[in-house]
Amino acid sequence: MPELPEVESARKVIEESGLDRRIADVDDRDTYECRPHAPGDLRKALLGRTLTAAHRRGKSMWCDSSEDGPSLGIHLGMSGRIFISPPGGEGDLAVGGDYAGPRPQSTAVKDEWYRFTLDFEDGGQLRLFDKRRLGRVRLDPDLAALGPDAEEIGREEFRERVGRGTAPLKARLLDQSVLAGIGNLLADEVLWRSRMSPRRPAGELRTEELDELRRELRAGIRHAVKHGGVHTGEVIPHRTNGGHCPRCGAEMVRATVGGRTTWWCSAEQA
């Protein structure tokens, strides 16, 4: 599913292209994507307002609305994408999920794969494209269960949250109540960059190792945001049978850690 870098890219596009445009209509008829709201609930809450700010914590994204209106939460699910067209409706900017680029041109694309739409008075739109229908749009999303954002967490809080317990280090990083935003690919990339075993108990890390892990996490996120997503990480193409570490050439190892398929360098992350 989209991880923090993909969601941050989508947030930036909304911030740059979707704010301060008055909402003239809302298509919220998809009862699965817009649950638990009934058709018309989001339209009633958002009609005539504008989106005034776009926020993110981990993989969760939400927008403030004008006149003290409700916030609009948009979760991309496994492969959701945000499309925003400019005034007049000509052309699109698309970001989100595991892809960034122009509107899909395949004849197989169906209108119903656009699960939620804001029509702006200026003729443009903001649309959520979600073929697999695993995203979610809701008002005033509850973020209470999320830990601090993985990109923004401070050094002391990172040490306290990550460096404790007997759980494998990768499982600790994937726990969204500990840190929000790290998914399977990003965790493997960051642990590889840090030369740390995903199976090592998190509570065994020394303070300097925790600080190094945080530095590599921030660097990995910056790289992914800049280059288009977590799939651009240096080790990601080598997470395959017969793959070798791009740094030392040793064989890559595969196992299940924290309930997720995990790859690591057999030499540097032993």
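The values are calculated or read from the model by the stated rules, or taken from the named source; none is laboratory data. Keep in mind it's a predicted model, so treat the numbers as computed, not measured. Backbone-built Cβ (ideal geometry, glycine too); neighbour counts: all protein chains shown. The area values use the complete protein model at the heavy-atom level, side chains included, leaving out ligands, DNA and RNA. Shrake-Rupley method; radii C 1.70, N 1.55, O 1.52, S 1.80 Å.
Under 6 Å between Cβ atoms, which residue pairs at least 6 apart in sequence (or on different chains) link something in segment 76-92 that is within 16 Å of Lys12 (Cβ to Cβ) with a partner that is open to solvent by 20 Å² or more (accessible area, probe 1.4 Å) and modelled with pLDDT of 80 or more?
These pairs meet every condition: Phe83/Arg127; Ile84/Ser17.
I want to confirm something. Restricting to segment 224-245 and keeping residues that are within 22 Å of Leu169 (Cβ to Cβ) and of a type in the set (D, E, K, R), which single residue is most open to solvent (accessible area, probe 1.4 Å)?
Filtering segment 224-245 for residues that are within 22 Å of Leu169 (Cβ to Cβ) and of a type in the set (D, E, K, R), the one most open to solvent (accessible area, probe 1.4 Å) comes out as Glu234.
Show the residue pairs that are 6+ apart or on different chains and have beta-carbon atoms under 9 Å apart, the first residue being within segment 180-194 and of a type in the set (Asp, Glu), the second being surrounded by fewer than 24 Cβ atoms within 10 Å (Cβ to Cβ) and in a helix (DSSP H, G or I).
Within 9 Å, the pairs are Asp188/Ile236; Glu189/Glu216; Glu189/His223; Glu189/Ile236.
Of all residues in segment 29-41, which are modelled with pLDDT under 95 and open to solvent by less than 40 Å² (accessible area, probe 1.4 Å)?
Asp30, Glu33, Cys34
Open to solvent by less than 10 Å² (accessible area, probe 1.4 Å) and modelled with pLDDT under 95 - does that describe any residue in segment 259-268?
There is no residue in segment 259-268 that is open to solvent by less than 10 Å² (accessible area, probe 1.4 Å) and modelled with pLDDT under 95.
Any idea which residue in segment 130-162 is nearest to Glu212 (Cα to Cα), counting only those that are basic (Lys, Arg) and touching a His at 6+ places or on another chain (Cβ under 9 Å)?
Of segment 130-162, the ones basic (Lys, Arg) are 131-133, 136, 138, 155, 159, 161.
Those left that are additionally touching a His at 6+ places or on another chain (Cβ under 9 Å): 136, 138.
Numbers: Arg136: 35, Arg138: 37 Å.
Among them, the one singled out is Arg136.
Show the residue pairs that are 6+ apart or on different chains and have beta-carbon atoms under 8 Å apart, the first residue being within segment 154-166 and within 16 Å of Arg200 (Cα to Cα), the second being open to solvent by less than 60 Å² (accessible area, probe 1.4 Å) and acidic (Asp, Glu).
As it stands, the answer is Arg159/Asp211, since those pairs meet every condition given.
Within the group Lys12, Lys44, which residue is without any contact (Cβ under 8 Å) to a residue 24 or more places away in the chain and either open to solvent by 10 Å² or more (accessible area, probe 1.4 Å) or in a loop (DSSP other than H, G, I, E, B) (or both)?
Step by step, each of Lys12, Lys44 is checked, and only Lys44 is without any contact (Cβ under 8 Å) to a residue 24 or more places away in the chain and either open to solvent by 10 Å² or more (accessible area, probe 1.4 Å) or in a loop (DSSP other than H, G, I, E, B) (or both).
Please state which of the following conditions Ile221 fails to meet, knowing it meets all the rest: (1) outside any helix (DSSP H, G or I); (2) buried (at least 22 other Cβ atoms within 10 Å of the Cβ); (3) of a type in the set (Val, Ile, Thr).
(1)
What strands (runs of 3 or more DSSP E) completely inside segment 76-159 contain at least 2 residues that are open to solvent by 30 Å² or more (accessible area, probe 1.4 Å) and at pLDDT 95 or above?
136-139
Give me the residue from segment 166-209 that is of a type in the set (Val, Ile, Thr) and in a helix (DSSP H, G or I) and, out of that set, nearest to Leu4 (Cα to Cα). If you could, list the steps in order and put the result at the bottom.
Step one: list which residues in segment 166-209 are of a type in the set (Val, Ile, Thr), which gives 166, 178, 182, 190, 207.
Then keep just the ones that are in a helix (DSSP H, G or I); that gives 190, 207.
Values: Val190: 13, Thr207: 25 Å.
This residue is Val190.
Inside segment 179-207, can you point out the residues that are open to solvent by 10 Å² or more (accessible area, probe 1.4 Å) and over 19 Å from Ala250 (Cβ atoms)?
Asn184, Leu185, Pro201, Gly203, Glu204, Leu205, Arg206, Thr207
With (1) under 30 Å from Glu209 (Cα atoms); (2) of a type in the set (Val, Ile, Thr); (3) in contact (Cβ under 8 Å) with a residue 40 or more places away in the chain as the list, and Thr117 as the residue in question, which single condition is left unmet?
Status for Thr117: all satisfied but (1).
Can you pull out the residues in segment 135-174 that are closer than 27 Å to Arg81 by Cβ and not aliphatic (A, V, I, L, M)?
Within segment 135-174, Gly135, Arg136, Arg138, Asp140, Pro141, Asp142, Gly147, Pro148, Asp149, Glu151, Glu152 qualify.
Would you pick out the residues in segment 47-75 that are open to solvent by 30 Å² or more (accessible area, probe 1.4 Å) and of a type in the set (D, E, K, R)?
Arg49, Arg57, Lys59, Asp64, Glu67, Asp68 - these are the residues of segment 47-75 that are open to solvent by 30 Å² or more (accessible area, probe 1.4 Å) and of a type in the set (D, E, K, R).
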